[in-house]
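Have a look at the structure below, then the notes.
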Amino acid sequence: MKILMLGAGGIGGAIGGRLAQAGADVTFLVREKRKAQLERDGLQIESPFGNAKLTVQAKLQAEIEPVYDLVILTCKAYDLESAIETIRPAMSGDTAVLPLLNGLAHIERLNQEFGAHKVMGGTAKIQVTLTPDGIVRQLNDWQTITFGEQDGSQSARAASLKALLDQTPIEAKLSLQVMRDMWLKVVHLSTVAGMTCLMRANIGEIVRTPEGSALLKTFLAANAAIAAKAGHEPDEKFLGTYLELFSQPQSAYEASMLRDLEKGGLIESEHILGFMLRKCREAGLPDTLHLAAYTHVKAYEQRRDAGRLAQKAPSA
């Protein structure tokens, strides 16, 4: 299996690097600066699963030919349109694409662009960042990829990828119900992102307010109802995990969207909260909480783009 990994940043560098380390045929599609960095320093990984310095194949878009079996996307959802154009030269014949993005909106877009038969579903559970000096640094001691075909079928390409990942420290789960897996993740993500961004606080800080725990659980139930209307009703075990989390006053858990927002950065507003607001309305369900959460982050974007975000005062 010939794999094209879009980008060699945090997640792309971690997954692609481990595949390359295991002997897989991996090419990183990168920009000029990152290519020069990889050619000079190699792909460097710092991780609880072992550090590595790897010599890898890196190419620019102009150098890409349609010779790959699988393209893996690990970009932010707001970069999807540019990612589609970047990988287009590789997407010919039977080439498949596996997006490991947050949410579900990207699946609809990729289906529209390349056809559902060429688009796999998947999620990645890993915390990793790219340092300013180009090191892929893992921040946690777990790493899991769940993936499969949208229609639930067993395919040779999915089995081949599973076999390759099994040679790495990454836990690979080949799912026959990957769309359900993705719906459960978006229920979790939209609840945590919506509430932590709306309140500008982590879960514990919200729970410690008089009605915070109840609000979190109400929003979880609303998102679960949307998933149920889409044919993917969350089970009691899944809901129980988050009902317990939303009762923990000491939890420091927060969405990465909140961290990006507090840094004044780009956020996946449309792809998570906008998507769930749209699905809420399509299902004919009450949308007050979704509208509030979505409007809050869109108002933040207005202030950010106008350069009107409040600046923290320098410490004494």
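Coordinate-derived values only; no laboratory data. If you're wondering where the values come from, they're calculated on a predicted model, not measured in any experiment. Every residue, glycine among them, receives a Cβ derived from its backbone with ideal geometry; neighbour counts consider all protein chains shown.
Across region 115-132, coupling constants 3J(HN,Hα) worked out from phi with the 6.51/-1.76/1.60 Karplus curve, θ = phi - 60°, read x, 4, 5, 9, 10, 8, x, x, 9, 10, 10, 6, 10, 8, 9, 9, 6, x Hz, and Gly and Pro carry x.
Taking 25 Å as R0, compute the FRET efficiency from the Cβ-Cβ separation of residue 260 and residue 208 and round it to 0.05.
In this case the efficiency is close to 0.60.
Listed by Cβ neighbour count within 10 Å, with the fewest neighbours leading, 155, 82, 190, 175 appear as 82, 155, 175, 190. Per residue, the convex hull spanned by the Cα atoms of region 181-305 amounts to 95 cubic angstrom.
Against the chain, whose longest principal axis is taken from its Cα atoms, helix 105-114 shows a tilt of about 40°.
Diffusion coefficient (Stokes-Einstein, Kirkwood radius over C-alpha pairs, 10 °C, 1.306 mPa s) for the chain: 77 µm²/s, rounded to a whole number.
Just how far, in whole angstrom, is region 255-286 from region 75-141 if you go by their alpha carbon centroids? With region 75-141 and region 255-286 each reduced to a Cα centre, they are spaced 18 Å. Computed from Cα atoms, the angle from the helix 236-245 axis to the main principal axis of the chain rounds to 70 degrees. With a simple spin-label model that places each label point 7 Å from the Cα along the Cα-to-Cβ direction, the separation between residue 139 and residue 298 comes to 2.9 nm. Taking every DSSP beta bridge that has both ends in the chain, the antiparallel portion is near 35%. Sparsely packed loop sites in region 241-316 (the chymotrypsin sites (Phe, Trp or Tyr not before Pro) outside DSSP H, G, I, E and B with at most 15 other Cβ atoms within 10 Å) comprise 253. For region 124-200, the calculated P(r) over all alpha carbon pairs, in 5 Å bins from 0 to the bin holding the longest distance, is 3, 13, 16, 17, 18, 16, 11, 4, 1, 0 percent.
Cα-based radius of gyration for region 2-176, normalised by 2.2 N^0.38 Å, reads 0.95.
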